[in-house]
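Here's the structure we're looking at; comments come further down.
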Amino acid sequence: MTFSELGLNEELLMGLEALGFETPTPIQQEAIPVLLEGERDLVALAQTGTGKTAGFGLPMLQNTEPGYMKPQSIVLSPTRELGNQIADDLRNFSKSMKGIKIVSVYGGANISTQIKELKKGCNIIVATPGRLVDLIKRGVAKLEEIDRVVLDEADEMLNMGFKDDLDFILDQTPPTKTTWLFSATMAKEVERIARNYMADPFKITVGRQNEGGKNIDHKFYLVQNRHRFAALKRIVDVNPDIFGLIFCRTKRDTQEISDRLIAEGYNVDALHGDLSQHQRDRVMDKFRERKIQLLCATDVAARGIDVNDITHVINYELPEDIESYTHRSGRTARAGKKGESLAIITDRDKYKIKRIEKIIQKKFTQAKVPSGDVVCESQLFKLIAEVKSAQIIEQEFEKYRERVFDELQEFSREELIEHFISKDFNRFIEYYKDSDDINASGRDRGNDRRDRGRDRDRRRGDRDRGRDRSSSRDRGGRRGAEAGFKTIFVNVGSSDGLNKGGLIDFVCTNSDVKGRVIGQIRMNEKFSFIEVEERSSDKILKALQGSNHDGRSLRAEFAKPRK
Ligand code: AMP
């Protein structure tokens, strides 16, 4: 099937041709004809990477009245990054159309510039929900002529606490509008929106519901916590051509892992919410242009990232909310390519793997952290491939030829090869000589206990065991904290727009501790229980007591032990 068979007009077809889009993706084949007819709500379960932006963007553009500068369409997206990407895509699709003006508005940027843009007039607004609410309340964003509202990554917007904003925006738009909802998962709240705001929506599911991407291989590596970083390095080293995203749980962990990798000579940078927007844009540009090979990111910062050809997503730790796994892994294997989603886990995370498998309806395979020999071999052959494909700039080389040959004439051909290879390769041999097998096995726990006195990382090892037990028995929330941990009660929960990852970040930022001192979290709507290492517990409690979340002062106290 071709795009023109779907009923798209000449101008859009020209835009698509310029982009090199030849065949519509499945979601485009299903959505475009239905949405072109108009006046139909739509619920599409689709991951990023399926081509959904063109799925809604093309019919939206075709049904927009060119030259009529009153907003007719709104696209809501969870983050500025995704919003800008959508706006860019729409501009590219409509390059040959006249009279289309797209304005994107988002939080964290100067509102007066955005007000000016809106006042100049436009027919499409791409927005993050919070900022659009602000602009509606200021009377600048006028919605009375809106024909359609797109909710992109609806589950993410709800996860991020935009529920009230979405309700407000949908209530402000005319009842005659149509609503097109895109979501990777059909969470309860997404269903609620579909129920409350849509009439007999057309439903599309691309792939199976919640499928973790057909072309993604999911693998996990089982290690002890203290070997997590070493495992990460081996995974990266054994894949010399990796172009990957590394996910950590908190902003601090993200920065720390990135700093450690940089210190060891890796080409990596960090992306998280503590960076200014300008810094984040710069990091993203570098990553897109492949000036960095690895990007360490938090879930929030990486939302909506659409970078083609990411080969590997590495879960340095699995996300606290396992639903986020789908969003992480969806960053690879885009546009029909293949990709790997890897998780470095400890024994206590095994139950999470089982739960994720249910969500993605796919099995993980257990992979072995490669031995030093395997890593060295793969680096060696990468080096040889590079030597073979090196381009020789004849003219420039000519100047040095004689001296170079003179200097090297003492070597035989074999010696010369050995010297050139050794120059770059020795550091791997050095690093990996005598390296241990760091795959965890049943016996490791015993060894770990015996080694306790000697272990440099004793504190972390102890905690790991503490969490091993707490995670397997405490999940039902029926027991107190394990030895070495204390439980803190705080009066914020999911209705405050927090998820577990967000709460960990909040605790770390406010009390100046690292993510690893935090154990299990149980979260209810209005309150949460946070397990923290005993030795840091007073400091954390004190910091939380004085803190403020979204203008609300926090109450924190040690939870009473359960009977
Ligand atoms: P999306 O799911 O909208 O984020 O799209 C994922 C990627 O696929 C983007 O880089 C698009 O540019 C690309 N893409 C979307 N539709 C097509 C198509 N029909 N042919 C080729 N590439 C596409």
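The values are calculated or read from the model by the stated rules, or taken from the named source; none is laboratory data. What you see is a predicted model, and the numbers here were worked out from it, not measured in a lab. Note that each Cβ is placed from the backbone with ideal geometry, even for glycine, and that neighbours are counted across all protein chains shown. These accessible areas exclude ligands, DNA and RNA; they are computed on the full protein's heavy atoms, side chains included. Shrake-Rupley method; radii C 1.70, N 1.55, O 1.52, S 1.80 Å.
Here is a list: Ile356, Ile322, Ile305. Which entry is modelled with pLDDT of 90 or more and under 19 Å from Ile246 (Cα atoms)?
Working: Ile322 fails: modelled with pLDDT of 90 or more; Ile305 fails: modelled with pLDDT of 90 or more.
So the residue among Ile356, Ile322, Ile305 that is modelled with pLDDT of 90 or more and under 19 Å from Ile246 (Cα atoms) is Ile356.
Pairs under 6 Å by beta carbon, first residue touching a residue at least 60 places away in the same chain (Cβ under 8 Å) in segment 219-239, partner aromatic (Phe, Trp, Tyr) and part of a strand (DSSP E or B), six or more apart or different chains?
Final answer for the pair search is Ala231/Tyr221.
Of everything in segment 70-124, what is more than 23 Å from Met14 (Cβ to Cβ) and either open to solvent by 50 Å² or more (accessible area, probe 1.4 Å) or in the same structural domain as His327 (by TED's automatic domain parsing) (or both)? Give them in sequence order. Let's see the steps before the verdict.
Step one: filter segment 70-124 for residues more than 23 Å from Met14 (Cβ to Cβ), giving 70-71, 74, 76-84, 103-121.
Across segment 70-124, the qualifying residues are Lys70, Gly108, Asn110, Ser112, Thr113, Lys116, Glu117, Lys119, Lys120.
Looking at (1) open to solvent by 40 Å² or more (accessible area, probe 1.4 Å); (2) within 13 Å of the ligand (Cβ to nearest atom), can you tell me which one Pro66 breaks?
(2)
So Arg192 passes all but one of these: (1) part of a helix (DSSP H, G or I); (2) crowded, with 18+ Cβ neighbours inside 10 Å; (3) not hydrophobic (A, V, I, L, M, F, W, C). Which condition number does it fail?
Only one criterion in (1) part of a helix (DSSP H, G or I); (2) crowded, with 18+ Cβ neighbours inside 10 Å; (3) not hydrophobic (A, V, I, L, M, F, W, C) is unmet by Arg192, namely (2).
Let's see how each residue does on (1) touching a helix residue (DSSP H, G or I) at 6+ places or on another chain (Cβ under 7 Å); (2) closer than 18 Å to Val206 by Cβ:
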{"site": "Glu22", "(1), (2)": "no, no"}
{"site": "Thr25", "(1), (2)": "no, yes"}
{"site": "Gln28", "(1), (2)": "yes, yes"}
{"site": "Glu37", "(1), (2)": "no, no"}
{"site": "Arg40", "(1), (2)": "yes, yes"}
{"site": "Gly57", "(1), (2)": "yes, yes"}
{"site": "Met60", "(1), (2)": "no, no"}
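Restricting attention to segment 507-546, and to residues there that are of a type in the set (Gly, Ala, Ser) and without any contact (Cβ under 8 Å) to a residue 40 or more places away in the chain, which single residue is most open to solvent (accessible area, probe 1.4 Å)?
If we take residues in segment 507-546 being of a type in the set (Gly, Ala, Ser) and without any contact (Cβ under 8 Å) to a residue 40 or more places away in the chain, then Gly546 is most open to solvent (accessible area, probe 1.4 Å).
Given (1) under 22 Å from Arg303 (Cβ atoms); (2) within 12 Å of the ligand (Cβ to nearest atom), identify the lone condition not met by Pro26.
(1)
Output the residues belonging to segment 145-177 that are in a strand (DSSP E or B) and open to solvent by 10 Å² or more (accessible area, probe 1.4 Å).
Here is the first cut: in segment 145-177, the residues in a strand (DSSP E or B) are 148-151.
Of everything in segment 145-177, just one residue is in a strand (DSSP E or B) and open to solvent by 10 Å² or more (accessible area, probe 1.4 Å), namely Arg148.
Quick one: which residue in Arg334, Arg328, Arg355 is more than 15 Å from Asn215 (Cα to Cα) and either open to solvent by 50 Å² or more (accessible area, probe 1.4 Å) or in contact with a Ser or Thr (Cβ under 8 Å, 6 or more places away or on another chain) (or both)? Explain how you work it out, then say what you get.
Numbers: Arg334 fails: more than 15 Å from Asn215 (Cα to Cα); Arg328 fails: more than 15 Å from Asn215 (Cα to Cα).
That would be Arg355, the only listed residue that is more than 15 Å from Asn215 (Cα to Cα) and either open to solvent by 50 Å² or more (accessible area, probe 1.4 Å) or in contact with a Ser or Thr (Cβ under 8 Å, 6 or more places away or on another chain) (or both).
So, restricting to helices (runs of 4 or more DSSP H) that lie completely within segment 361-470, which ones have at least 3 residues that are more than 30 Å from Ile345 (Cβ to Cβ) and modelled with pLDDT under 90?
Numbers: elements: 372-389, 394-408, 413-432, 444-450.
The qualifying helices (runs of 4 or more DSSP H) are 372-389, 394-408, 413-432.
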